[in-house]
Structure formats: C-alpha cells, structure tokens
1. Kindly indicate the residue of the range 1-46 that is touching a residue at least 12 places away in the same chain (Cβ under 8 Å), of a type in the set (A, V, I, L, M) and farther than 25 Å from Asn65 by Cβ and also most open to solvent (accessible area, probe 1.4 Å) among those meeting that condition.
2. Which ones in the range 5-34 are small (Gly, Ala, Ser) and part of a strand (DSSP E or B)?
3. Does the range 47-63 hold any residues that are under 30 Å from Val22 (Cα atoms) and open to solvent by less than 70 Å² (accessible area, probe 1.4 Å), and which are they?
4. Does Thr69 qualify as being open to solvent by 60 Å² or more (accessible area, probe 1.4 Å) and more than 12 Å from the chain's Cα centre (by Cα)?
Amino acid sequence: QLATQLTERLQLTAAAIWNDPVLTRANAFLSAEKGDRLPAIAEISMGLGLQYTYPFTEKLALTINADYT
C-alpha cells in the first residue's frame with residue numbers, strides 16, 4: 001500500500017494485491033480437485049482511496065472517504 005499527502009487536508013492511497021487462487025489439494029466441499037482455481041477469487045486486485053479531513057475545532061473534524069476497488 002502506498003499513501004501520499006496531496007494537500008494539508010487531502011490524502012491519496014493506492015494498493016495492489018496479486019493472488020494465486022489455486023487449490024493445493026482437493027476440496028470436497030467445493031467439489032474441486034487439486035489445481036482447480038478458486039471460484040470468485042480475483043487474481044489481481046487494485047484500489048484507490050481519497051480521504052479529505054476538515055477540522056472544525058482542535059478536537060472535532062469531519063472526515064470524508066471515497067474508495068474505488
């Protein structure tokens with residue numbers, strides 16, 4: 001994961017994950033054999049996030065997050 005402070009109030013984060021979703025042994029619950037790929041598991045996942053923080057007082061701030069995966 002990488003993060004950078006774009007401005008005093010705005011932060012950008014980015015992440016990437018590589019996965020090898022292959023069974024190393026048979027699984028009767030999934031009706032799958034060794035070497036089969038796991039269902040609904042992405043091989044590559046990436047995401048971006050923005051966080052905006054607006055301070056109201058020394059102890060109170062508004063934080064807004066937006067994420068895309």
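1. Looking at residues that are touching a residue at least 12 places away in the same chain (Cβ under 8 Å), of a type in the set (A, V, I, L, M) and farther than 25 Å from Asn65 by Cβ, I get Ile41.
2. Once the filter is applied, which keeps residues that are small (Gly, Ala, Ser) and part of a strand (DSSP E or B), the range 5-34 yields Ala14, Ala15, Ala16, Ala32.
3. Result: Gly47, Gly49.
4. So Thr69 fails the test.
The values are calculated or read from the model by the stated rules, or taken from the named source; none is laboratory data. Values in this document were obtained by computation on a predicted structure and should not be read as measured data. Here the Cβ is made from the backbone with ideal geometry for all residues, glycine too, and neighbour counts use every protein chain on show. With ligands, DNA and RNA removed, areas are computed over all heavy atoms of the protein, side chains included. Shrake-Rupley method; radii C 1.70, N 1.55, O 1.52, S 1.80 Å.
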